[in-house]
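What follows is a short report on a single structure.
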Amino acid sequence: MNRRKIAHTALWRSVGECSRVLPMLFRTVMLLATMTTATDSMAAGSADIGVSPKSDLEEIVVNGSILKMNIPIQESPQSVSIVSRQQLDEQSVQTVEEALRYIPSIQAEITGRQGYEEFQIRGFDQSQYQFRDGLRLDPGYLQTQEPYGLERIEVLKGPSSVLYGQIAPGGLVNLVSKLPQAVPVGEFGVTAGSYGLVNVHADVGDTLDSAHGIRYRLPVLYSNHGDPVDIVHARRVFASPSIEWQPSADTDCTSTVFTRQSRICGTWLGSRCERLCDLL
């Protein structure tokens, strides 16, 4: 009698386990069937429009001078972010801090409109560890770089930044200047906006002597704008002429001058307009 009771109990336990497993197995089979049907539909749709399901896509390779190696960024083990010239134009950035808004691991604009860049990378204050074309800027001065004179902004995050010298391990920001190119460059624009914003900029460049490989580049900018606070306003004047000589395919010499004059009124820098001049 006891044996029959034990066997009966074991049978009901097996039935109960099957009742729990069968619905899960049924849902799995239905999901696989749905995925197979969707894949077949996509393949059929691609065939209808004359596109192969395995058609090759255009490869986009992004290189950065911050790596000091001629390899694509996606092949590097380091964490690198690039802000291209196109993205700078689309965001209409007025400062380097604005260009760093959407970079992961960076906290920018932490002190408001002070007239200089201040940001953190992975919790470390990296404001004094900015680089321009691979060379470190003077950390003894408050940096205020002009984004219109930049071709791109490169951000290296993590302790790999110590490879560039004695800096904090959070990372570094490398600002790549606009330099002469083999193709002609011509741009002129005027921007107007709220609070009396007037922005006039131009960028020209061409080849002076193709036989000797002599080229030039000249981006210039004038900007004047107010603020929601009546006593705050700012004015920027920027120019960065550069000339390049390429005597051979393996040798090129580039000379560039960067000058920026900024007048800021109404911020903590003082009740008088303070002038920040950088000459590199």
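Points worth noting:
- Residue within the range 207-215 that is acidic (Asp, Glu) and more than 19 Å from GLU244 (Cβ to Cβ) present: no
- When THR95, THR111 are checked against the criterion of being over 12 Å from GLY158 (Cβ atoms), crowded, with 18+ Cβ neighbours inside 10 Å and of a type in the set (S, T, N, Q), a single residue qualifies: THR95.
- Counting the residues of the range 232-265 that are part of a loop (DSSP other than H, G, I, E, B), over 21 Å from GLY205 (Cβ atoms) and touching a strand residue (DSSP E or B) at 6+ places or on another chain (Cβ under 7 Å) gives 1.
- Flag if VAL173 is in a strand (DSSP E or B), of a type in the set (Val, Ile, Thr) and touching a residue at least 60 places away in the same chain (Cβ under 8 Å): yes
- Some residue of the range 68-78 being assigned to a strand (DSSP E or B), among the β-branched types (Val, Ile, Thr), touching a Gly at 6+ places or on another chain (Cβ under 9 Å) and modelled with pLDDT of 60 or more: no
- Residues that are surrounded by fewer than 17 Cβ atoms within 10 Å (Cβ to Cβ) and hydrophobic (A, V, I, L, M, F, W, C) were ranked within the range 245-264; the one that is nearest to ASP209 (Cα to Cα) is TRP245.
- ASP227, sole failed condition from (1) surrounded by 12 or more Cβ atoms within 10 Å (Cβ to Cβ); (2) at pLDDT 85 or above; (3) not in a strand (DSSP E or B): (2)
- Subset tally (residues that are of a type in the set (A, V, I, L, M), assigned to a strand (DSSP E or B) and exposed (fewer than 13 other Cβ atoms within 10 Å of the Cβ)) for the range 176-219: 2
- Under the condition of being outside any loop (DSSP other than H, G, I, E, B) and surrounded by fewer than 22 Cβ atoms within 10 Å (Cβ to Cβ), the residues counted in the range 158-170 number 5.
- Some residue of the range 148-157 being modelled with pLDDT of 90 or more, touching a strand residue (DSSP E or B) at 6+ places or on another chain (Cβ under 7 Å), in the same structural domain as ILE103 (by TED's automatic domain parsing) and among the basic types (Lys, Arg): yes
- Condition check for GLY213: over 15 Å from GLY149 (Cβ atoms), out of contact with any Asp or Glu (no Cβ under 6 Å at 6 or more places or on another chain), modelled with pLDDT of 85 or more and not assigned by TED's automatic domain parsing to the domain that holds LEU137: yes
- Within the range 154-186, restricting attention to residues that are in contact with a Leu (Cβ under 7 Å, 6 or more places away or on another chain) and of a type in the set (Gly, Ala, Ser), the residue that is farthest from GLU118 (Cα to Cα) is SER177.
The values are calculated or read from the model by the stated rules, or taken from the named source; none is laboratory data. Just so we're clear, the structure is a prediction, and the values are computed from it rather than from any experiment. Note that we place each Cβ from the backbone using ideal geometry, even for glycine, and neighbour counts take in every protein chain shown.
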